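What follows is a short report on a single structure.
The values are calculated or read from the model by the stated rules, or taken from the named source; none is laboratory data. Note that the coordinates shown come from a computational prediction; the quantities given were computed from them, not determined experimentally. Methodologically, a virtual Cβ is constructed for each residue, glycine included, from the backbone with ideal geometry; neighbour enumeration extends over all protein chains shown.
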Amino acid sequence: MLLQHDECSLLLIDAQARLLPALQGTDGMMAACDLLLRAVRELDVPVLATAQYPAGLGGVVPSLAMLLPPDAPMGAIVEKLAFDAMAEPGMADRVAALGRPNVVLCGAEAHVCVLQTAFGLQATGYKVIVAADAVASRDAEDRQRGLARMERAGMLVATSEMVVFEWLRRADTAAFKAMIPFIKRLKENERK
């Protein structure tokens, strides 16, 4: 299945200031999340973000938080204590209000909150797409096992660039031209 931007929403999971330094591959994850957030702004894809125990882990990192829509219904950032964001009171209603059957996931940690939220979304009837380069964990093995487990469960594991190009569809649009610098920046980051 190719992704349609008007059938997708994005959920940024726990990209938090005090959590990121403990993760492996943070720079790549951040660059991929940045690309996805810029694409949702360009294409009017609805987005939510979560913050796990912000009193201890801090808020969503400013460089990504500034890309969240300020006018999101009920606010764009949901504070949570449950590892599965869908188990947090009111979260299912917030996701349903986005009105999209497919949810693209990015953030941290791949084998904990991303994985449990993915299963929570799938159990609620959503098609889940995980942007593999846009997720990280403290341990590479945990990240790989988390991604493999989600894929075995029928979730689509893609890359942020795959998602963005599928959303864009064509090279002759203003949206494509607007996204090219950010796609190039992602690739430059990958080469580092």
Seminar exercise, completed: The condition from (1) of a type outside the set (Gly, Ala, Ser); (2) assigned to a loop (DSSP other than H, G, I, E, B); (3) in contact with a Ser or Thr (Cβ under 8 Å, 6 or more places away or on another chain) that LEU35 misses is numbered (2)
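Table: residues versus (1) in contact with a helix residue (DSSP H, G or I) (Cβ under 6 Å, 6 or more places away or on another chain); (2) touching a residue at least 24 places away in the same chain (Cβ under 8 Å).
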residue	(1), (2)
MET1	no, yes
HIS5	yes, yes
LEU11	no, yes
ALA17	no, yes
PRO21	no, no
ASP27	no, yes
ALA32	yes, yes
LEU35	yes, yes
ARG38	yes, yes
Problem set entry | Filter result for VAL164 (touching a Phe, Trp or Tyr at 6+ places or on another chain (Cβ under 6 Å), within 24 Å of LEU2 (Cβ to Cβ) and touching a residue at least 60 places away in the same chain (Cβ under 8 Å)) | no
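Could you look through segment 70-82, keep only residues that are over 15 Å from the mean Cα position of the chain (by Cα) and at pLDDT 90 or above, and pick out the one that is surrounded by the most Cβ atoms within 10 Å (Cβ to Cβ)?
Among those residues, the one meeting the criterion is LYS80.
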Exercise. Any chance segment 8-26 includes a residue that's within 22 Å of ALA158 (Cβ to Cβ), of a type in the set (Lys, Arg) and modelled with pLDDT under 95?
Worked result: no
